[in-house]
Amino acid sequence: MECIWYVVAGVLGGVLGGMGMGGGTILIPLLSIFYAVSQHTAQAVNLISFLPMAVVALIIHLKNKLIDFKGILWVIIPGVLFCVLGCYLARAISGNVLRRCFGGFLALLSIFQFVTQIISKK
Amino acid sequence: MDKKVKNKSELMTNKKFRLYSVLAGCFAGIINGLFGGGGGMIVVPMLTNLLRREENRAHATAILIILPLSIVSGLFYASFGNLDLSVGVPVTIGVTVGGALGALLLSKLTSKWIGVIFSVVMAAAGIKLLLF
């Protein structure tokens, strides 16, 4: 029965993720606040759960010709190197500290998101 | 005069483009690894503001950028013993279904109001995690 509620959490995160809005920023707090999943596990689950969705979403975006390949490796290669560093950083800190850092990150991001949305388009 | 200025700025753009791309990659990478997500939230505004991509294209392209980061991060998290499959499998099923739905909605909905609502929900979740 618990399983179904995990599916529901996934659908909520997935809809936003498929729209390119960072589903993880919803899915991770959803899992850790309402499902009492540990911060490290919520993050691991988010990373894995994104993979098949990303492939499905990419195929749809490719058909809609929305993918821009120009210079993309200049982002991806340093990105991969630094994400390894990030993983080791996450491993080095406790769940409680990681949870608070993630909360702070979300709060900052929400201000940035709110301001840019209000300013950018009328 | 106008033409000359324009040419010069285009040259700058090409060099700056790579610099911004590398910076965006580093920043998105460390965030994605540290927080197991959120890289897209870094890449999308960087693609639209710094690299001058259209909103819809930026959203779609961000998924292609974040995919390899998430594969690598996911493997590291799993190797650290953080992945719980009793949570991971049902969540993945949900995300896959929701993701297809979201991708179809992307080209239909205007992003402004979704973005505003989304930011309010994020703020609430962030404060909760930060303080309680």
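Points to keep in mind about this one:
- Some residue of the range B:54-67 being under 16 Å from B:G38 (Cβ atoms), in the same structural domain as B:G33 (by TED's automatic domain parsing), touching a residue at least 12 places away in the same chain (Cβ under 8 Å) and touching a Cys at 6+ places or on another chain (Cβ under 8 Å): no
- Unmet criterion (only one of (1) at pLDDT below 85; (2) of a type outside the set (D, E, K, R); (3) within 10 Å of the chain's Cα centre (by Cα); (4) over 23 Å from A:Y88 (Cβ atoms)) for A:T25: (4)
- Residues of the range B:71-98 classified as under 12 Å from A:M53 (Cα atoms) and of a type in the set (G, A, S), total: 2
- Enumerated helices (runs of 4 or more DSSP H) restricted to the range B:1-98, each holding at least 2 residues that are at pLDDT 90 or above and surrounded by 24 or more Cβ atoms within 10 Å (Cβ to Cβ): B:2-35, B:55-79
- Residue count for the range A:105-122 satisfying the condition of being over 21 Å from B:A24 (Cβ atoms) and surrounded by fewer than 17 Cβ atoms within 10 Å (Cβ to Cβ): 3.
- One residue from B:G37, B:G81 being more than 7 Å from every other protein chain (Cβ to nearest Cβ) and free of Cβ contacts under 8 Å to residues at least 60 places away in the same chain: B:G81
- Within the range A:3-18, residues that are more than 7 Å from chain B (Cβ to nearest Cβ) and modelled with pLDDT under 85 have Cβ atoms under 6 Å from residues that are assigned to a helix (DSSP H, G or I) and surrounded by 22 or more Cβ atoms within 10 Å (Cβ to Cβ) in no pair, counting only partners at least 6 apart in sequence or on another chain.
- Filter result for A:I72 (among the β-branched types (V, I, T), buried (at least 24 other Cβ atoms within 10 Å of the Cβ) and either within 7 Å of chain B (Cβ to nearest Cβ) or without any contact (Cβ under 8 Å) to a residue 40 or more places away in the chain (or both)): no
The values are calculated or read from the model by the stated rules, or taken from the named source; none is laboratory data. Just so it is clear, the model here is predicted, and its values are computed rather than measured. Cβ coordinates were reconstructed from backbone atoms using ideal geometry, including for glycine residues, and neighbour counts include every protein chain displayed.
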